[in-house]
1. I need the full set of residues from the range 1-44 which are under 19 Å from LEU329 (Cβ atoms) and of a type in the set (Asp, Glu), in order please.
2. Taking the stated definitions as given, is LEU72 open to solvent by less than 10 Å² (accessible area, probe 1.4 Å), hydrophobic (A, V, I, L, M, F, W, C) and out of contact with any Cys (no Cβ under 8 Å at 6 or more places or on another chain)?
3. Within the range 300-310, does at least one residue satisfy the condition of being more than 21 Å from the chain's Cα centre (by Cα), free of Cβ contacts under 8 Å to residues at least 60 places away in the same chain and assigned to a helix (DSSP H, G or I)?
4. Quickly run through the range 164-182 and pick out the residues that are within 18 Å of TYR242 (Cα to Cα) and of a type in the set (A, V, I, L, M).
5. Going through the range 195-206 one residue at a time, which ones are under 19 Å from ARG287 (Cα atoms), free of Cβ contacts under 8 Å to residues at least 40 places away in the same chain and open to solvent by less than 60 Å² (accessible area, probe 1.4 Å)?
6. Condition (residue is surrounded by 20 or more Cβ atoms within 10 Å (Cβ to Cβ) and touching a strand residue (DSSP E or B) at 6+ places or on another chain (Cβ under 7 Å)) applied to the range 252-269: is it met by at least one residue?
7. Residues in the range 158-175: is at least one among the hydrophobic types (A, V, I, L, M, F, W, C), within 19 Å of ARG132 (Cβ to Cβ) and at pLDDT 95 or above?
8. Those residues that are buried (at least 17 other Cβ atoms within 10 Å of the Cβ), of a type outside the set (A, V, I, L, M) and over 30 Å from ILE275 (Cβ atoms), I need them from the range 137-158; list them, please.
Amino acid sequence: MKVSSLKLIDYRNYEKLELAFNDNLNIFIGCNAQGKTNILEAVYYAAAGSSFRSNTDSELVRWNSSGGSISLGFQRLGVENQLDFRFYKDKRRTISYNGRKISVRELIGAVNVVLFAPDDLLLIKGAPAGRRRFLDMEISQASPAYYHELVRYNRLLQQRNSLLKEIRERRAKRDMLDYWNPQLAESAAKITRKRLEAVKKLNMLANLMQKRISGNEENLSIAYQIKGCEGEEIAENLKIWYNSMLTRLGEEDIYRGITSVGPHRDDIAVSVNGINLRSFGSQGQQRTGVLSMKLSELEFIRSETGEYPILLLDDVMSELDAGRRQQLLSFIDREGIQTLITATDEAYFSHQGMEKYFRVKAGSVTDVSRV
């Protein structure tokens, strides 16, 4: 998978921008707050249907405009495709795929990306929600059916939580849970089963990356933790187990007004040489662990789709030491992964023989590629 072109109109600080990308490395150099990350954000938006920096499309529109657009040209399995997004400050956006209007549900999986940003360094030591998002984004790109099930689960979860509050306030009968519990249990089982399969593969891939980065000194282990299954064997029939747990915890859920068991409460445990990385790992080990997980995400998507995704590296070179930078760039170069990188200093790449450089300043991008 390769991104061939990007066109932005009234997007963030760009009045108009047209870029053609190299098949390998594309490096955007400039000071902070000049518009480098906006370019990566636009590519990510085209893949995910949302920004990794904002919750509303109106914030993407240039300050003195009523609407903006993103047009992304890309190759998938050698076939040229086009995605067009038009968004506004006062009405809903539109999405077109090769000229046909589509929904976000149809968009997921069209373009696959892996984003590595400074906030991702909190992936291990941050809250469980970040690790669940990491896993969900990875699986959704490889399996649009999983994304659709995730949307269904979240809708069912919201409806059950609303009912719990109504029961607590005596505005609904408790036996109405008997209608929602089996539906939520069925959806939860599908999601958890897919997550377990993905983590099994991710565990193997991330460990290989960890060994490579650490010079065979560290073994990385990733395990999926089901809320309520601590210290127990994972149930063979997850649907029955979830339905049983939802029934058993019914009174507690009513009192709290939230559903206390399900994929929305699960977590991922990461350890190095048997030591919990979140609780006892050094900062260097945690950063190596995050890097290994991100590189394994690339391999996971390739194994599921047949192509590497596009790699977006947003200002992470300054966060990694020289050794980890070298490992990352060597891996990208060796595997031929198309990568878009932002940085404030081109010295990070001086010995890599990079082909495509862009200079970014105040919403203007100049191609200053080295020959």
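The values are calculated or read from the model by the stated rules, or taken from the named source; none is laboratory data. Source: prediction; values computed, not measured. Note that each Cβ is placed from the backbone with ideal geometry, even for glycine, and that neighbours are counted across all protein chains shown. Calculation scope for accessible area: heavy atoms of the full protein, side chains included, ligands and nucleic acids excluded. Shrake-Rupley method; radii C 1.70, N 1.55, O 1.52, S 1.80 Å.
1. Across the range 1-44, the qualifying residue is only ASP23.
2. Numbers: open to solvent by less than 10 Å² (accessible area, probe 1.4 Å): yes; hydrophobic (A, V, I, L, M, F, W, C): yes; out of contact with any Cys (no Cβ under 8 Å at 6 or more places or on another chain): yes.
Spelling it out, LEU72 is indeed open to solvent by less than 10 Å² (accessible area, probe 1.4 Å), hydrophobic (A, V, I, L, M, F, W, C) and out of contact with any Cys (no Cβ under 8 Å at 6 or more places or on another chain).
3. Start the filter on the range 300-310 by keeping residues that are more than 21 Å from the chain's Cα centre (by Cα), which leaves none.
Within the range 300-310, not a single residue is more than 21 Å from the chain's Cα centre (by Cα), free of Cβ contacts under 8 Å to residues at least 60 places away in the same chain and assigned to a helix (DSSP H, G or I).
4. LEU164, MET176, LEU177
5. ASN203
6. Taking the range 252-269 as the starting set, the residues that turn out to be surrounded by 20 or more Cβ atoms within 10 Å (Cβ to Cβ) are 253, 259, 261-263, 266, 268.
Imposing the further condition that a residue be touching a strand residue (DSSP E or B) at 6+ places or on another chain (Cβ under 7 Å) reduces the set to 266, 268.
Yes, there is a match, as at least one residue in the range 252-269 is surrounded by 20 or more Cβ atoms within 10 Å (Cβ to Cβ) and touching a strand residue (DSSP E or B) at 6+ places or on another chain (Cβ under 7 Å).
7. From the range 158-175, those among the hydrophobic types (A, V, I, L, M, F, W, C) are 163-164, 167, 172; that's our starting set.
Add one more test, that the residue is within 19 Å of ARG132 (Cβ to Cβ), and what stays is none.
Within the range 158-175, not a single residue is among the hydrophobic types (A, V, I, L, M, F, W, C), within 19 Å of ARG132 (Cβ to Cβ) and at pLDDT 95 or above.
8. Taking the range 137-158 as the starting set, the residues that turn out to be buried (at least 17 other Cβ atoms within 10 Å of the Cβ) are 137-143, 146-147, 149-150, 153, 156-157.
Pick out the ones that are also of a type outside the set (A, V, I, L, M) and you get 138, 140-141, 143, 146-147, 149, 153.
If the condition is that a residue be buried (at least 17 other Cβ atoms within 10 Å of the Cβ), of a type outside the set (A, V, I, L, M) and over 30 Å from ILE275 (Cβ atoms), then SER140, GLN141, SER143, TYR146, TYR147, GLU149, TYR153 are the ones that fit.
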